[in-house]
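Q: Below you will find the structure I want to go over with you.
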Amino acid sequence: MGKQSRLEKKKQAKKKPLMASQADRHQLYQKSVQDTDVELGLMVEKYRDIRGREPLSFREDFCGTALLSVAWCRDTPTRTAQGVDLCADTLAWGREHNVEPAGKKVAARVELVNGDVLKVNKPKVDITCALNFSYNVFKTRDLLRRYFKSVRKGLNDDGVLMLDIFGGTEAITSTREKRKVEGEPFTFIWEQEKYNPVTNEILCHINFKFKDGSRLEPAFTYDWRLWTIPEVHELLLEAGFSKVHVYWEEYRDDEDDEGYLVASGDYIEVSEVENQESWVSYIFAEV
Ligand SMILES: C[S@@+](CC[C@H](N)C(=O)[O-])C[C@H]1O[C@@H](n2cnc3c(N)ncnc32)[C@H](O)[C@@H]1O
């Protein structure tokens, strides 16, 4: 290649927009954080175990782009979903990219409500979820109890609430955890910028780094209180839930690597476990 053409190529590369400036942060979030098959699989499995029937009506609190609500309704034609989120722009994105493309029959069963999860609790549903740790926005016991009370009011007599929760020794340190997202030209970076042991407040970000070196940093910021399992358990009971189940991921022997354990993807009910560097657990509460 001659000197001239190398120079031209360099100029062209300079003109090419950076991947970060072209990216859609909701698309990136959905691809790197959400796995609707896993979330819905667990939700239905545990609901069946607890109630002995199929849940049909679903409320997705803090629904964001409502990806889960759409997947819920797409799976079974008798299911309905209500997604609740404070952010009108995120809901609009979800309507355009998730609800409408799912087709009229599915879209007719997904209701999106631009509102506060502390206030929206009608109609009554079989199951409500608050995932990706979103309820951590409520930083006081009073607020979190108020939220749980409102959820309970919005559940049928045999309703269930599903929450996820994270912790471990690494959850209270400043860290940056990188993860390649399979088949995608970007890396997902979970950043814990600050943790305050006096209040348990934690400041986290989701960042993305692209193949061309450009970054979306931060793409999302979360100013949370890191609630613990016993605190959530107690507040659920104080809010009127009758029973709380804690599910922990089981580990099994790695077939390829003797002596090592791998996460199985199966969650079992526990009352005592060994702490880990980082864990994600699920809490189900019965009305
Ligand atoms: C971490 S995202 C969760 C997105 C999605 N639920 C998921 O599982 O990935 C948090 C969402 O909660 C919404 N949010 C925060 N406070 C809220 C409130 N009080 N009521 C309703 N939505 C709220 C934000 O607008 C944001 O879309």
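Each reported figure results from applying straightforward, stated rules to the coordinates on display, with no laboratory input. None of these values were measured; they are calculated from a predicted model. Backbone-built Cβ (ideal geometry, glycine too); neighbour counts: all protein chains shown.
Q: Measure off 7 Å from each Cα along the Cα-to-Cβ vector at Leu56 and Glu96, then give the distance between these two points in nanometres to one decimal.
A: 3.5 nm
Q: While we're here: Tell me, what ³J(HN,Hα) does each residue in the stretch 210-225 have, in order and in whole Hz, if you take phi through Karplus 6.51 cos²θ - 1.76 cosθ + 1.60 with θ = phi - 60° and put x for Gly and Pro?
A: 3J(HN,Hα) across the stretch 210-225, in whole Hz: 9, 4, 8, x, 6, 9, 10, 8, x, 8, 9, 10, 10, 9, 10, 9.
Q: What 222 nm value per residue comes from the helices of the chain, counting each DSSP H run with n ≥ 4 as -39,500 (n - 2.57) and dividing by all residues, nearest 500 deg cm²/dmol?
A: Per the formula, -8500 deg cm²/dmol.
Q: Bins of 10 Å, beginning at zero and ending with the bin holding the largest distance: percent of Cα pairs per bin for the chain, please.
A: Spelled out per bin, shortest first, that is 6, 24, 33, 23, 8, 4, 2, 0.
Q: Sum up the charges of everything whose Cβ sits under 9 Å from the Cβ of Tyr267, counting Lys and Arg as +1 and Asp and Glu as -1, but leave Tyr267 out.
A: Local charge sum for Tyr267: -4.
Q: Straight-line reach from Lys194: which aspartates and glutamates fall under 19 Å, measuring Cα to Cα and dropping same-chain residues less than 8 apart?
A: Straight-line reach from Lys194, under 19 Å: Glu170, Glu177, Glu217, Asp223, Glu277.
Q: Once you keep just the Cα pairs under 8 angstrom separated by 6 or more residues, what percentage relative contact order results for the stretch 44-133? Intermediate results must be reported in sequence, preceding the final value.
A: Details: 156 pairs, mean separation 31.4, N = 90.
Rounded, it is 35 percent for the stretch 44-133.
Q: Next question. As I understand it, the dipole of the chain uses +1 on the Cβ of Lys and Arg and -1 on the Cβ of Asp and Glu, about the Cα centre. Which of Leu144, Thr36, His97 lies farthest toward its positive end?
A: Toward the positive end, the furthest listed residue is His97.
Q: Could you check what % of the DSSP bridge pairs in the chain are antiparallel, to the nearest 5? Could the numbers behind the result be given before it?
A: Working: 43 of 62 bridges.
Close to 70 percent.
Q: Right, something else. Which order results if Leu42, Leu237 are arranged by neighbouring Cβ count within 10 Å, fewest first?
A: Leu237, Leu42
Q: Just the number: Rg to Rh for the stretch 169-224, Cα atoms, Kirkwood Rh, two decimals.
A: Across the stretch 169-224, the Cα-based Rg/Rh ratio is 1.05.
Q: Now a separate question. In a shell of Cβ-Cβ distance under 10 Å around Gly240, excluding Gly240 itself, what net charge do Lys and Arg (+1) and Asp and Glu (-1) give? Provide the component values of the computation, followed by the final result.
A: Values: positive: Arg145, Lys149, Arg152, Lys153; negative: Glu238.
Taking every other residue near Gly240 into account, the sum is +3.
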